1. Out of all the residues in region 43-50, is one or more surrounded by fewer than 21 Cβ atoms within 10 Å (Cβ to Cβ) and within 26 Å of MET230 (Cβ to Cβ)?
2. Tell me which of these VAL299 doesn't satisfy, since it passes every other one: (1) touching a Phe, Trp or Tyr at 6+ places or on another chain (Cβ under 9 Å); (2) part of a helix (DSSP H, G or I); (3) farther than 28 Å from ALA213 by Cα.
3. Is region 19-35 home to any residue that is assigned by TED's automatic domain parsing to the domain that holds GLY97, surrounded by fewer than 17 Cβ atoms within 10 Å (Cβ to Cβ), more than 30 Å from GLN169 (Cβ to Cβ) and polar (S, T, N, Q)?
4. Could you look through region 167-179, keep only residues that are within 21 Å of ASP265 (Cα to Cα) and under 16 Å from the mean Cα position of the chain (by Cα), and pick out the one that is surrounded by the fewest Cβ atoms within 10 Å (Cβ to Cβ)?
5. Need at least 2 residues that are within 16 Å of the ligand (Cβ to nearest atom) and of a type outside the set (Val, Ile, Thr) per element, so show me which strands (runs of 3 or more DSSP E) inside region 1-119 make the cut, counting only ones lying wholly within it.
6. Only one residue in ILE367, ILE358, ILE371 is buried (at least 20 other Cβ atoms within 10 Å of the Cβ), assigned to a helix (DSSP H, G or I), in contact with a helix residue (DSSP H, G or I) (Cβ under 6 Å, 6 or more places away or on another chain) and not basic (Lys, Arg), so which one is that?
7. I'd like to check something: does region 147-156 contain any residue that is within 12 Å of the ligand (Cβ to nearest atom), crowded, with 22+ Cβ neighbours inside 10 Å and in contact (Cβ under 8 Å) with a residue 12 or more places away in the chain?
8. Name the pairs: first residue in region 44-65 and within 20 Å of LEU240 (Cα to Cα), second residue near the ligand (Cβ under 9 Å from one of its atoms) and modelled with pLDDT under 95, Cβ to Cβ under 6 Å, at least 6 apart or on different chains?
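The values are calculated or read from the model by the stated rules, or taken from the named source; none is laboratory data. Keep in mind that what you see is a predicted model, and the values were worked out from it rather than measured. Here Cβ is always computed from backbone atoms with ideal geometry, including for glycine, and neighbour counts include all displayed protein chains.
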Amino acid sequence: MAVRFHNHQRLYQRRKPEIDAAIARVIASGRFDWGDEVPAFEAEFAAWNGASHAVGVNSGSAALKVALLALGIGPGDEVITVGNTDIASSSAIHNTGARPVWVDTDAESKTMALDGLVAAITPKTRAILPVDLYGHPADMVAIVAIARQHNLVVVEDACLALGARINGQKIGSFADITCFSFAPSKHLGSFGSGGAALTESAELAETMRKLSAYGQDRSRHYAMHGPGGMGGLHHETHGLNERLDEMQAAILRAKLPDLAAMLADRRAQADRYDNGLSGLGIDLPGTMPGYQHAWRNYVIEAEDRDGLAARLAERGIATNLTYAPPMHLQPVFADYNLGPGTLPATEHSARRLLGLPIGPQLTLDEIDEVIAAVRTVA
Ligand SMILES: *Cc1c(COP(=O)(O)O)cnc(C)c1O
């Protein structure tokens, strides 16, 4: 039997009555814009994460961009990030006019290496954008301490790490702004695209709401679209249209009560892999002491990665290369002139990594099939 990565239809079945009701509610209300679902989701999502404010936006990419803009990042600025991630982390920086500066990763956690971070700080550095790779939080406590020493801001790319914890505390209030994606394959998947930014600052939350809604205060949009249709235009700043929409917000509200159970499924699957794949000479993902992993990805490393992937494919087992090659070697950043050898740990990992199927769309029997196949061909 084949095991694939994604199965959005199965995820829908987990919450079909709740999701159907949510969609029907939005349609019946006729409020496809500036309704109650987005503010309600923002409050529920912030509470779930133990954060003060959530701003709903239309993707993880939008969350990162709006966060950087709200913190005043723009042309001439440098933002330190990592290369072993989704392109969105780096393109969000580029799209503000700032320059991404990639540093190497810790060999164990695969997240931003602290010595690399400190060495990369220049007078132009304004922000640090660590990535919680695969669901393992970056060393946020140390990174924020370094940022404060150098008067820098921190935007955490937590698009892979919803529900992860550091010393028991959910991520979401370590950085100045923490960004999440609701792409269908992420921990809390929308039926299209969505994202959110969390912050402890009411002022930053308002700025992000304004920036993502044409540069106008949200209350004015509500006034214009409300029953009385009152109020004129009042644009104080340039803005974007990067809003979370009512339909996605309603669907996300229907799914949020299932998030803890979906995370538990991921943990159980990772445990199964840990036990089932030991002793094969394959490197299994580690979790640093004090961290709780959110297991968006289960990524092994093997010398003969390409051979292993091919043999698994023959048996119908899907694998993926999350995330390789690294950003500094992608054609889009060729003008940075950063060749192989720039980030040794990142590149070493990129040559060896292989993602195995994981997530609440899969059963433990399917995980066992993957384990059996890896044990046969490794
Ligand atoms: C998915 C992802 C993003 C982008 O999220 P979208 O909703 O697809 O825009 C950003 N960073 C990381 C690390 C991601 O995995």
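1. Yes.
2. For VAL299, the exception is condition (2).
3. yes
4. Filtering first and then ranking leaves LYS170.
5. On the way: elements: 53-57, 78-82, 99-103.
Once the strands (runs of 3 or more DSSP E) in region 1-119 are filtered for at least 2 residues that are within 16 Å of the ligand (Cβ to nearest atom) and of a type outside the set (Val, Ile, Thr), what remains is 53-57, 99-103.
6. Numbers: ILE358 fails: assigned to a helix (DSSP H, G or I); ILE371 fails: buried (at least 20 other Cβ atoms within 10 Å of the Cβ).
Of the residues listed, the single one that is buried (at least 20 other Cβ atoms within 10 Å of the Cβ), assigned to a helix (DSSP H, G or I), in contact with a helix residue (DSSP H, G or I) (Cβ under 6 Å, 6 or more places away or on another chain) and not basic (Lys, Arg) is ILE367.
7. Quick first cut of region 147-156, residues within 12 Å of the ligand (Cβ to nearest atom) only: 155-156.
Within this subset, residues satisfying the condition of being crowded, with 22+ Cβ neighbours inside 10 Å are 155-156.
Restricting the remaining residues to those that are in contact (Cβ under 8 Å) with a residue 12 or more places away in the chain gives 155-156.
Checked region 147-156: at least one residue is within 12 Å of the ligand (Cβ to nearest atom), crowded, with 22+ Cβ neighbours inside 10 Å and in contact (Cβ under 8 Å) with a residue 12 or more places away in the chain.
8. Every condition considered, no pair remains.
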